[in-house]
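Trainee: Take this structure first; my questions come after.
The values are calculated or read from the model by the stated rules, or taken from the named source; none is laboratory data. Everything numeric in this text was worked out from a predicted model, so none of it was measured. Positions of Cβ are backbone-derived with ideal geometry, glycine not excepted, and every protein chain shown enters the neighbour counts. When the accessible area is computed, the model is the full protein with side chains, heavy atoms only, and any ligands, DNA or RNA have been set aside. Shrake-Rupley method; radii C 1.70, N 1.55, O 1.52, S 1.80 Å.
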Amino acid sequence: MRKRTLNQRMAGQYAILVLPGLILFTLGMMIPLCMAFSYSFTSWNGLDATKKWVGLDNYIKLFQDKYVRDAWLFTIKFTVLNTVIQNIAALLLALLLDSTIKAKSLFRTIIFIPCLISAIIAGFVWLRIYGSVLPALNEILGTDINFMLFGSKETVLTGLVIANNWQWVGYWMLIYLAGLQSVPHELLEAAKVDGANAVQKFLKITLPMLAPAITICVVGITTGSLKVYDLLVSSTKGGPGYASTSIIMQIYNTAIAGRQYGYGSAMSITLIAVLLLIAVIQLKWLKKREVQM
Amino acid sequence: MKWRKMTGLLMTGSIAAGMLFGCGGKDEGNTTDTKGEEVQESTAKDEKEPVTLRILLAAGSGTGMDEIIDEALAENYPEIQVEWEMINWNDLNTKMQTYIQSGLPDIIVGKATDAVTYGKMGILGDLAGKPYLDNVNEVGTESVTVDGKVYGLAFDAMYQGIIYNRKVFEENHVEIPTTYEELDAAIQTFKDAGITPFATHFVDTWSIGNLAMQFAMGDVFSKDPLWGDKFRSGEVSFVDSPEYRQAYENIKKIYDNTWQDETFSIEETASDAKFIEGEAAMKAPGFCPTDTLYTLDENFDYGLFPYPNATGDAKLLFQADTTFMKNENSDEAVNEAVDKVFTLLTENKEMVGEICDITMKAPMIKDVETTYPDPSRNDIEKYADANEIVNVDIGNNQLQWGGFQDENAKAIAEWLQGDITIDAALKAADDRKDNSLQ
């Protein structure tokens, strides 16, 4: 009898251990994904027993649908703003908390607390803040600042970006903080001895060493922002009009509220494809820049 | 090396077992048929055999209805046990999509429009001819009847129009407007007095959609009760309908005379609070009775009048609300138990009154006394006595809410904010014709 090699035996053991997770992944992700893919070629309303095959009609309609286009546009703008602002803000806060300021633990806790509440609550809280709390400041201070950021198409994106960043910057800050604290001090001291100033040390040593953390944060914030829904449901409800309707909200409104399950499934498949593409591109590009010690 | 393999297998087995047990077990007494549908296994061989009913309650607010019904059942039909599932009405469609695949509850409690929607799909039982329907107000039963089949038991109702602050109206000597001209005059009087004419919360787009249908009832469906069907057949359109254009212009009038800077930023409770404090004279859309206003101020005195129309003969809108529906596919024992529950709901007047006192909605069950404070009651009775009430479901059952009215409301919001023209907003409705009814 041919003896199995050590590698083969190890591979078999790994397969056995991975099997439960793989089964759950298949049942909970792959099968629904395949079902959604098949529904996307039908005009099913989600309720009828029969599903009428319509071929590629849903996908053709998708690319001609103004509302889907606008939802993508909003989602992309929201994602880009979040990715840039949240990364920079999280990194700056991490640098601050990695310095010698007093009460670091208190600041870390205060900044992190919003992450603990659900996005639904965050949306409701900011609706109240913009609608009632901040306008009351105008009365107290005698000013006339427009705090009703959710009230118009021009300002609703700003209002949502502020709310989203307020909630999640603490989470990413912790990742950058962990990254900063893993930068070897000897490197920084050696650079100091060589005459490097604070900016040079940050750009030449700290930032490259933070590349893995940057990868995690950029990919995480991007994919999370592309899937924004809860925040919108409790705050703007996608309005005014369609001004803050994200692609996920458009999918829900189409498939569930509008009972166009087939068409909504086509939108979902498109979204998954875009998410995969963005994640792969980001990971490949960012991984190249990671420094391995 | 053998012990390593054994250890690996044991760990895998324990993880898998943990996950399987953690996901929950089967309910006792339930079986699954070959299509995967869950069928309530009835053990009832005679009337006293215990029967468990599944009730899906999609209530707009936590009514306490379940506890009251449980108490009444324990007293009258102790063999009937109920498993309640309470959800928000907005989630009913999602739940129904799931349950249609996996097995419907025995009783579904939703709105009258749900009875029509799901009844047409053939999944609800026909209650026509049941003796307990004699105890239900005929207007309520009409709301849930399609082609002679009665798909629900209409339990309570709401009235819709414009809610007005009686004190503000009296102090400014304003009479109830019935025509557009009278409404314009009232608006001007309030503006001159520094009072915002209308309290609105357009961030809740459903309020725009409600206004659109309510104005349409006054100007469109009052003239042509089958307008929605004609719309689908291509005989009429939103763009070419002067009446629907007028309905949209009416919404614009309200928007021009409300707190424009805030309406897309404050939700209903905040808007109601400002209304109660006298910052606005009227609230649109308005639903009576209302527990929200009562919760904010028990002593707030308000009334209700119909949305004015061009000819001054607008009617107050009535809408059957909480509706009990039966699963078409329940077995005989469960059907009997459901009939008993429906009999209880229509004959136990005290229980019905108790529920309506909590929900603060008008009962559709005959001869029910309620004691909840309703300042608008006299107004409603006045319009009812003069036969000036019309069922808004005439329109709602022709132009469905989900995917049509709610999407049109968003287009109206875009127009109100100046992003699109009124023609574009009307055309957006025409472009959605295929989604107007399913």
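Trainee: Towards the positive end of the charge dipole of segment B:280-373, with charges on Cβ (+1 Lys, Arg; -1 Asp, Glu), say which of B:VAL338, B:THR295, B:ASN309 has the farthest Cα.
Mentor: B:ASN309
Trainee: Hey, another quick one. Between A:ILE120 and B:GLU277, what's the calculated FRET efficiency when r is the beta-carbon distance and R0 is 25 Å? Round to 0.05.
Mentor: About 0.35, to the nearest 0.05.
Trainee: Quick one: net charge of A:PHE147's neighbours, Cβ under 11 Å, K/R +1, D/E -1?
Mentor: Summing Lys and Arg as +1 and Asp and Glu as -1 gives -3.
Trainee: With +1 on the Cβ of every Lys and Arg and -1 on the Cβ of every Asp and Glu, and nothing else charged, how large is the dipole of segment B:278-367 about its Cα centre, in debye rounded to the nearest 20?
Mentor: Its charge dipole is roughly 360 debye.
Trainee: Given the protein chains as shown and a 1.4 Å probe, how many square angstrom of B:ASP313 are accessible, to the nearest 10?
Mentor: Taking all protein chains as shown, B:ASP313 has close to 90 Å².
Trainee: Size of the dipole of the protein assembly as shown about the Cα centre, Lys and Arg at +1 and Asp and Glu at -1 on the beta carbon, nothing else charged, in debye to 20? Let's see the in-between values first.
Mentor: On the way: 61 positive and 93 negative charges, 1294 e Å.
Dipole about the Cα centre, nearest 20: 6220 debye.
Trainee: Expressed as a whole percentage, what fraction of the accessible surface of segment A:1-124 belongs to carbon and sulfur atoms when a 1.4 Å probe is rolled over the protein heavy atoms? Can you show the working numbers first?
Mentor: Numbers: 6100 of 8240 Å².
Here it works out to 74 percent.
Trainee: Then there's this: How long is the gain from B:GLN101 to B:ALA193 if the chain were fully straight, where each residue apart is worth 0.36 nm and the alpha carbon distance is subtracted? All intermediate terms of the calculation are to be shown ahead of the outcome.
Mentor: Details: separation 92, 0.36 × 92 = 33.12 nm, distance 5.82 nm.
Residue separation times 0.36 nm, minus the Cα-Cα distance, leaves 27.3 nm.
Trainee: Under the definition of partner shielding as Cβ atoms of other protein chains within 10 Å of a residue Cβ, what is the mean value for peptide A:8-18?
Mentor: Rounded to a whole number, the mean comes out at 3.
Trainee: Here is a further query. With each run of n ≥ 4 DSSP H residues scored as -39500 (n - 2.57), what mean residue ellipticity at 222 nm is computed for chain A after dividing by its residue count and rounding to the nearest 500 deg cm²/dmol?
Mentor: One gets -21000 deg cm²/dmol as the mean residue ellipticity at 222 nm.
Trainee: Then there's this: Lysines near B:LYS433 by alpha-carbon distance under 25 Å, same-chain residues fewer than 8 away left out - which ones?
Mentor: List returned: A:LYS51, A:LYS52, A:LYS61, A:LYS66, A:LYS237, B:LYS111, B:LYS120, B:LYS223, B:LYS230, B:LYS252, B:LYS410.
Trainee: Angle, helix B:205-216 long axis vs. longest principal axis of chain B, Cα atoms, 0 to 90°, nearest 10?
Mentor: That works out to roughly 60 degrees.
Trainee: Now for a different question. Report, to the nearest 10°, how far helix B:180-192 tilts away from the longest principal axis of the Cα atoms in chain B, using its own Cα long axis and a range of 0 to 90°.
Mentor: Rounded to the nearest ten degrees, it is 80.
Trainee: How do B:ASP219, B:ASP229 stack up against each other in accessible area, from largest to smallest, with a 1.4 angstrom probe? Each step should come with its number before you reach the end.
Mentor: Values: B:ASP219 10, B:ASP229 70 Å².
Largest to smallest exposure gives the sequence B:ASP229, B:ASP219.
Trainee: Report which residues of segment B:242-274 become buried by 30 Å² or more of accessible surface when going from the isolated chain to the complete set of protein chains (1.4 Å probe; DNA, RNA and ligands ignored).
Mentor: B:PHE264, B:SER265, B:GLU267
Trainee: Assigning unit charges at the beta carbon (Lys, Arg +1; Asp, Glu -1) and nothing else, what dipole magnitude in debye, to the nearest 20, does segment A:66-292 show about its Cα centre?
Mentor: Values: 18 positive and 10 negative charges, 95 e Å.
Its charge dipole is roughly 460 debye.
Trainee: Once whole DSSP H runs in chain A are found, which of them have Cα atoms spread over 30 Å or more along the helix axis and a mean Kyte-Doolittle score of at least 1.6?
Mentor: Helices passing the filter in chain A: none found.
Trainee: Long-range amide H contacts for B:LYS111: which residues qualify at under 5 Å (H placed 1.01 Å from N, peptide plane, sequence gap of 5 or more or a different chain)?
Mentor: Correct list: B:THR323.
Trainee: Then there is this: Hey, can you grab everything whose amide H is under 5 Å from the amide H of B:ARG54? Only 5+ residues off in sequence or another chain; H modelled, so Pro and N-termini drop out.
Mentor: Result for B:ARG54 returns B:GLU83, B:ASP106, B:ILE107.
Trainee: Kindly tabulate the residues in segment A:242-290 with an accessible-area decrease of at least 30 Å² between the chain alone and the assembly of all protein chains, using a probe of 1.4 Å.
Mentor: Checking the loss per residue gives A:TYR242, A:TYR252, A:ASN253, A:ILE256, A:ALA257, A:GLY258, A:ARG259, A:GLN260.
Trainee: Continuing with this model, one more query. How far, in degrees from 0 to 90, does helix B:422-431 lean away from the longest principal axis of the Cα atoms of chain B, to the nearest 10?
Mentor: Its long axis makes an angle of about 30 degrees.
Trainee: Still on this structure: What does the average come to when, for each residue of peptide B:399-409, you count the partner chain Cβ atoms lying within 10 Å of its Cβ?
Mentor: The mean count of partner-chain Cβ atoms within 10 Å per residue comes to 3.
Trainee: Are there chymotrypsin sites (Phe, Trp or Tyr not before Pro) in segment B:101-201 that DSSP marks as loop and that have at most 11 other Cβ atoms within 10 Å, and which are they?
Mentor: In loop regions of segment B:101-201 (DSSP not H, G, I, E or B), there are no sparsely surrounded chymotrypsin sites (Phe, Trp or Tyr not before Pro).
Trainee: Here is a further query. Could you name every residue in segment A:115-140 that has 30 Å² or more less accessible surface in the full protein assembly than in its own chain alone (probe 1.4 Å, ligands and nucleic acids excluded)?
Mentor: Output list: A:LEU127, A:ARG128.
Trainee: Using only protein heavy atoms and a 1.4 Å probe, report how much of A:LEU33 is accessible, in Å² to the nearest 10.
Mentor: In the full protein context, A:LEU33 sits at about 60 Å².
Trainee: While we're looking at this one, here's another question. Could you check which residue among A:MET30, A:MET173, A:MET209 shows the biggest mean-square fluctuation in a GNM of chain A with a 10 Å Cα cutoff?
Mentor: A:MET30
Trainee: Which residue, A:PHE124, A:VAL156, A:THR143, has the largest displacement toward the positive end of the dipole of segment A:68-161 when charges sit on each Cβ (Lys, Arg +1; Asp, Glu -1)?
Mentor: A:PHE124
Trainee: Sort B:HIS173, B:HIS201 by heavy-atom solvent-accessible area, probe 1.4 angstrom, most to least. Walk me through the numbers before you get to the answer.
Mentor: On the way: B:HIS173 160, B:HIS201 5 Å².
My answer, sorted largest first, is B:HIS173, B:HIS201.
Trainee: Computed on protein heavy atoms with a 1.4 Å probe, what is the summed buried accessible area for the chain pair B and A, in Å² to the nearest 100?
Mentor: Roughly 3400 Å² of accessible surface disappears when B and A pair.
Trainee: For B:ASP331 and B:THR371, what is the calculated FRET efficiency with R₀ set at 45 Å and r taken between the beta-carbons, to the nearest 0.05?
Mentor: 0.70
Trainee: Something else about it: When ligands, DNA and RNA are left out and all protein chains stay put, how many square angstrom of accessible area per residue does the protein assembly as shown have with a 1.4 Å probe?
Mentor: The answer is 48 Å² per residue.
Trainee: If the elastic network links every pair of Cα atoms under 10 Å, which of A:LEU188, A:LEU157, A:LEU177 fluctuates the most in the Gaussian network model of chain A?
Mentor: A:LEU188
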